[in-house]
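Rule-based calculations on the coordinates, nothing more; no lab input. Not measured: the values here are computed from a predicted model. Virtual Cβ from ideal backbone geometry, glycine too; neighbours counted across all protein chains shown.
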Amino acid sequence: MNEQEFKNRTKNLALRVIRLIGMLPKSQVAEVIGKQLLRSGTSVGANYRAACRGKSTADVIAKLGIVLEEADECLYWMELLVESELVPAAKLTNLMSETNEIVAMIVASIKTLRSKTKIQTP
């Protein structure tokens, strides 16, 4: 997958999260979790774009680390939506799968960049 395709994929994730938030039940709990998911879900693509403009390999790795954190946080909020029974698990299966794939690709990218430059984790 090339850079533009991954940009599109992360933007699509954000759009899917936006649509999901619009369908959440009207409750205080759903609103709080929804806001958190909205922030992290839209942040994945924005931070990936920033990583694409990294000034050095170390900068790209650091920014991809932020992408990874945000994508993993999305999964956390989606898990809470399911486990609190605010959203049926079946409705989030595909979105969670997509998010897990993005996480896996970012992890692989970070590992590849570290191995090429011998940058180790702190």
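A few comments on the model shown:
- Euclidean distance of C-alpha centroids, the stretch 77-101 and the stretch 1-71, integer Å: 16
- Within the same chain, aspartates and glutamates fewer than 8 places from residue 118 are excluded, and of the rest, those with a Cα less than 16 Å from its Cα are 59.
- Placing dummy labels 7 Å off each Cα toward the beta-carbon, the span from residue 113 to residue 28 is 4.1 nm.
- Between residue 83 and residue 12, the C-beta separation translates, for a Förster distance of 25 Å, into a calculated FRET efficiency of about 0.50.
- Separation of the alpha carbons by more than 31 angstrom is noted, of 11/116; 35/116; 11/55; 55/91; 26/111, for 35/116; 55/91; 26/111.
- Estimated D of the chain in µm² per second, where Rh is the Kirkwood radius over Cα pairs and Stokes-Einstein applies at 10 °C, 1.306 mPa s: 106
- Label-to-label distance for residue 2 and residue 56 is 2.9 nm, based on points extended 7 Å past Cα in the beta-carbon direction.
- The charge dipole of the stretch 1-91, taken about its Cα centre with unit charges on the Cβ of Lys, Arg, Asp and Glu (plus for the first two, minus for the last two), comes to roughly 500 debye.
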